[in-house]
Amino acid sequence: MKLDLYYERYGKGEPIVFLHSGGADLRDWMYIAPLLSKHYEVISFDGRGAGRSPSPIKYANYVEDVGLLLDHLNLKEVTLVGHSMGGQIATDFAMHKPDRVSKLVLIAPSLSGYTYSNEFNNEMKEILNEAPDIEKMVTRALRAPMYQIITKHPQLDLMVQMLSDHCKRMLTWPIFEMIWPQPLTAERLERLEAETLFIIGSEDSKENFRVATCFQVVPHIRSEQVSGADHMVTLTHPNAVYRLIKGFMDGS
């Protein structure tokens, strides 16, 4: 299958592939990827329906897309770094193709098969209820507890731009279904083989901390909190995230 996803590739050395959060694009990594590219080969890409990648037509198989990207770049084994929904994709890929993931870095990931609270689901519905008014959708999204730091940070403009771009694209998508490997990962996290670094901001939402608790069953996991950061730790605390990833890659 021909690769139709937009990607950027920098640096030399051990390959690291970045998977951005939902509602964002590869700009999620614009402050972290350049730092790591001084030591490694880094690849960031726009997931299907985001940035400069095409929209999904009938269904979105984000896990399959990661495999297509690796095949296109002739990469047999990589470190995957996933943020939020990107972390969900990275985890599922590591479960489905363990021989292709040397290490796994998860930044406040979501989780296939996790039952989200009514409060969280209602927040998502309220955002969609504001459609097609993009400004109102973004304003409602940023009221979520997981964005309490970014809304007071200089990177707010970038966050608003990514969310606005995402909402515009999403409203043009045909009806589609997201496909995840079966059985769902939440049911078998204890079988995750990859050495894993789990990062979360100290001010992220209670919901994301509940997801974090699920990951405690992973055999080879190291957990770190970034003080004073919320869900968008990649934008507000990139140096801290870089240092954690670099230390993890170096084995320190």
Heavy-atom accessible area of Ser102, protein chains in place, probe 1.4 angstrom, given in Å² to nearest 10, is 40
Checking Leu171, Leu142, Leu69 against a Gaussian network model of the chain (alpha-carbon springs below 10 Å), the top fluctuating residue turns out to be Leu171
Measure of exposure for His220: accessible area at 1.4 Å probe, Å² rounded to 10, is 110
The set of residues whose placed amide H lies less than 5 Å from the amide H of Ser53, leaving out same-chain residues fewer than 5 positions away, is Tyr6
In order over segment 22-35: 3J(HN,Hα) from phi, Karplus 6.51/-1.76/1.60, θ = phi - 60°, whole Hz, x for each Gly or Pro, gives x, x, 10, 8, 5, 5, 3, 10, 5, 9, 9, 4, x, 5
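First measure r as the distance between the Cβ atoms of Ser117 and Glu224, then evaluate 1/(1 + (r/R0)^6) with R0 = 22 Å and state the FRET efficiency to the nearest 0.05.
On the way: r = 25 Å, r/R0 = 1.12.
Result of the calculation: an efficiency of 0.35.
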Expected unfolding gain across Leu75-Arg143 under the 0.36 nm per residue rule, minus the alpha-carbon gap, is 20.5 nm
Most fluctuating of Asn239, Asn208, Asn74 in the GNM of the chain (C-alpha, under 10 Å) is Asn74
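Report the full-extension gain for the segment Lys152 to Arg169: residue separation times 0.36 nm, less the Cα-Cα distance, to one decimal in nm. Before the final figure, lay out the partial values.
Details: separation 17, 0.36 × 17 = 6.12 nm, distance 2.59 nm.
Once the chain is fully extended between Lys152 and Arg169, it gains 3.5 nm.
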Between Val101 and residues 5 or more places away or on another chain, the pairs with built amide H atoms under 5 Å apart involve Val78
Under a 1.4 Å probe, counting only protein heavy atoms, Glu119 has an accessible area in Å², nearest 10, of 120
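About its Cα centre, what dipole magnitude does segment 39-138 give when the only charges are +1 on Lys and Arg Cβ and -1 on Asp and Glu Cβ, stated in debye to the nearest 20? Working shown, then result.
Values: 9 positive and 14 negative charges, 61 e Å.
In debye, rounded to 20, segment 39-138 gives about 300.
Using the Cα atoms as the points, what is the convex hull volume per residue of the chain in Å³? Provide the component values of the computation, followed by the final result.
On the way: hull volume 29.5 nm³, N = 252.
Hull volume normalised by residue count: 117 Å³.
According to the Kirkwood expression over distinct Cα-Cα pairs, how big is the hydrodynamic radius of segment 37-131, in Å? Present the calculation step by step, with values, prior to reporting the outcome.
Working: mean 1/r = 0.0667 Å⁻¹.
About 15.0 Å for segment 37-131.
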Going residue by residue through segment 246-252, the Karplus relation 6.51 cos²θ - 1.76 cosθ + 1.60 with θ = phi - 60° gives ³J(HN,Hα) values, rounded to whole Hz and with x marking Gly or Pro, of 4, x, 5, 5, 7, x, 9
Karplus-derived 3J(HN,Hα) from phi for segment 60-74 (6.51 cos²θ - 1.76 cosθ + 1.60, θ = phi - 60°), whole Hz, x at Gly and Pro, runs 10, 10, 5, 5, 4, 4, 4, x, 4, 5, 4, 5, 4, 8, 6
Scattering profile of segment 104-210 from the Debye formula, Cα beads only, expressed as log10 I(q)/I(0) at q = 0.24 Å⁻¹, is -1.40
Filtered hits (aspartates and glutamates, Cα-Cα < 14 Å from Lys103, offset >= 8 within chain) -> Glu14, Glu77, Asp92, Glu193, Glu195, Asp250
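The values are calculated or read from the model by the stated rules, or taken from the named source; none is laboratory data. Everything numeric in this text was worked out from a predicted model, so none of it was measured. Heads up, the Cβs are rebuilt from the backbone with ideal geometry, glycines too, and the neighbour counts pull from every protein chain shown. Calculation scope for accessible area: heavy atoms of the full protein, side chains included, ligands and nucleic acids excluded. Shrake-Rupley method; radii C 1.70, N 1.55, O 1.52, S 1.80 Å.
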